Amino acid sequence: MAGTAAASPSCIFCQIARSSTTTTLLHTDEKVVAFQDINPSASRHYLVIPVDHIATVKDLRRRTEDYSLVSHMLNVGQTLLSRDAPNSIQYRFGFHQPPLNSVNHLHLHCLALPYVPRTGGEG
Ligand SMILES: [Zn+2]
Ligand SMILES: [Zn+2]
């Protein structure tokens, strides 16, 4: 399961959205899917992505229907976190601003604080 990072010719999030990976999906509907960040930085750290390949937040601004997509992504994230981390001290939601995208497919980070220290020892 290691060493495939830059080798894939196609978008990993598109593959996840189409369930062609082993990633466990926390939520699926016709617009978005949600799953756990592979490298979580908080007690809960989920990603919500559109099923369609939309590269960045900038690509959203040209399409008015995408405003409802973004609010839907936020809704899904809030619902998952309030279900799975009801005692969290704070929720945080955020898109990367270009050029800081780690994956070139729009994704909403949904974190339930506190942050967790990186131990480097996943078991
Ligand atoms: Zn994609
Ligand atoms: Zn990211």
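Only the coordinates and a few stated rules stand behind these numbers; no lab work does. As the structure is a computational prediction, the values presented were derived from the model and not from experiment. For neighbour counting, all protein chains shown are included, and Cβ atoms are generated from backbone atoms with ideal geometry for every residue, glycine included.
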- Exclusive hit being within 14 Å of Leu106 (Cβ to Cβ), away from ligand 2 (no atom under 13 Å from the Cβ) and in contact with a helix residue (DSSP H, G or I) (Cβ under 6 Å, 6 or more places away or on another chain), set His53, His72: His53
- For the stretch 24-115, please list each of the strands (runs of 3 or more DSSP E) lying entirely inside it that holds at least 3 residues being of a type in the set (Phe, Trp, Tyr) and either free of Cβ contacts under 8 Å to residues at least 40 places away in the same chain or crowded, with 16+ Cβ neighbours inside 10 Å (or both). 90-95
